[in-house]
1. Once the Cβ-Cβ distance between Lys260 and Ile54 is put in as r, and R0 is 60 Å, what FRET efficiency do you end up with, to the nearest 0.05?
2. May I ask you to list the lysines whose Cα is less than 28 Å away from that of Lys76, ignoring any residue fewer than eight positions away on the same chain?
3. Rounded to the nearest 500, what is the chain's calculated 222 nm mean residue ellipticity when only DSSP H runs of at least 4 contribute -39500 (n - 2.57) each, over all residues?
4. Between Lys76 and Arg90, 0.36 nm times their residue separation minus their Cα-Cα distance comes to what?
5. Hey, can you grab everything whose amide H is under 5 Å from the amide H of Phe83? Only 5+ residues off in sequence or another chain; H modelled, so Pro and N-termini drop out.
6. Listing Tyr346, Tyr184, Tyr94 from the residue with the fewest other Cβ atoms within 10 Å to the one with the most, what is the order?
7. What residue among Pro160, Pro151, Pro211 has the largest mean-square fluctuation in a Gaussian network model of the chain, using Cα springs under 10 Å?
8. Amide H to amide H, which residues 5 or more places from Thr386 or on other chains are under 5 Å from it, using H placed in the peptide plane?
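Rule-based calculations on the coordinates, nothing more; no lab input. These numbers were taken from a predicted model, which means no experiment stands behind them. Note that each Cβ is placed from the backbone with ideal geometry, even for glycine, and that neighbours are counted across all protein chains shown.
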Amino acid sequence: MITAADDLRFTLDTDSSKTAMNYSRFLTAVSAARKPSPIRILTELQQRSPPTLISLAGGAPNPNTFPFHSATIKVKNGPSVVFDETTMKRALQYSGSYGIPELISWMKDLQINLHNPPTAGYSPERGHMEMCVTTGSQEGLCKVFEMLVNPGDNILLDAPTYSGTLAALQPLGCNIINVPSDQYGMIPKGLKEILSRWDPADSQKPGSTVPRVLYTIPNGGNPTGASMTTERKREVYELAREYDLLIIEDDPYYFLQFQKPWAPTFLSMDVDGRIIRTDSFSKILSSGLRIGFVTGPKPLVDRVVLHIQASTMHTSTFTQLMVSQLLHGWGQEGFLKHVDGVVEFYRKQRDAMLSSADRWLKDVAEWHAPAAGMFLWIRLKDIADTQQLIMEKALEKEVLLVPGGVFTIDSSVPCPYVRAAFSLSTPQQIDEAFRRLSVLIKEAL
Ligand code: PMP
């Protein structure tokens, strides 16, 4: 059930710690003011009740009047997704705001299997970890930011960062503090130095300016391709404990890690309940279906769901059912096998891009091989700012990249980087693109 805003003290009693988190101090006034929608609660109840329940509640239309009948969607490597008449009616109807129960429970099992979060209490039924489905992880991120970020707040992140994050954060009027990072992600020493401006004890004082939120992309960062080492994650988590920070772990490239075993996540270390994790199926199942997830402490996920109730109401029931049927048909093993195939594809693409970069750009640029994701972050050695080169001249040569300034907080500061994606083009196209880029750079020098 949804937790009231004034009842957000929360005690974890896990094997590894016993800590009280006071979530109310993290909430913005907007989020704290959100109230459960009585109609939406009825929808949740209806979803969980036996079919004998006669509901005269709610304002759901009658699906018998809808034009769609049934569908079978063939799956490349598993059983077809079948929408018989009954399933189709459900798919076309409103559903609960957390997500459809069978998708949520499948995902909770997966999260527990992959991350074993201490907050789950090691059981899907017992623990404090909660999840909800969002319309892509972007919806989850926007809602998490709105829940936690007040105008004037100091927010920590390792820029350059995902432009969608900056687009969501900047209008909130917060003060973004850039934590130094390199190809192994956020640098704990840099974070410590920044935090040393404050006294950790002040974090609990009303009106304190101590940052309360840290945002990071731990794997295959967009745009940098950086992946954070486990050691760094542990150090950052310890600093978060000291200063009572919440960490937003935005991890859409988690499933695109090129090495096994996959890196332990912040969620897997979360003995206190201070991690809010966003996951996405965009890079492995479909970007157009718009399926993402928020995982975190129940009081906070409940707040995100209150926002969902008042905005989208829920992610499309149709797409949730489609994905849920696919996942139940595959089982976790089939899902992870599919992911392995996707990773294999991107690994080859990355390797092709790296050898083309070696062939054409060695003298004029430098880069690090990304351990995850779909991006190569390239620094042009003798070009102070790539904006004009890319936005004007590159187009003339028929090659398109993203100038690095797009991913920085202050786009007026010169940025010598470009982002190249190895997801869509063929190795031949990548090679030709880098040849054109090398000509362009040489002409510009
Ligand atoms: N976070 C990051 C770092 C991303 O790169 C993206 C997509 N490019 C998103 C979130 C949003 O992804 P989606 O909404 O498709 O899940």
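1. Efficiency, rounded to the nearest 0.05: 0.70.
2. Within the straight-line cut-off, Lys76 pairs with Lys89, Lys108, Lys260, Lys283, Lys337, Lys348.
3. -11000 deg cm²/dmol
4. 2.6 nm
5. Ala71, Thr72, Ile73
6. Ranking Tyr346, Tyr184, Tyr94 by Cβ neighbours within 10 Å, fewest first, gives Tyr184, Tyr94, Tyr346.
7. Pro151
8. Here Gly404, Gly405, Cys415, Tyr417 satisfy the definition.
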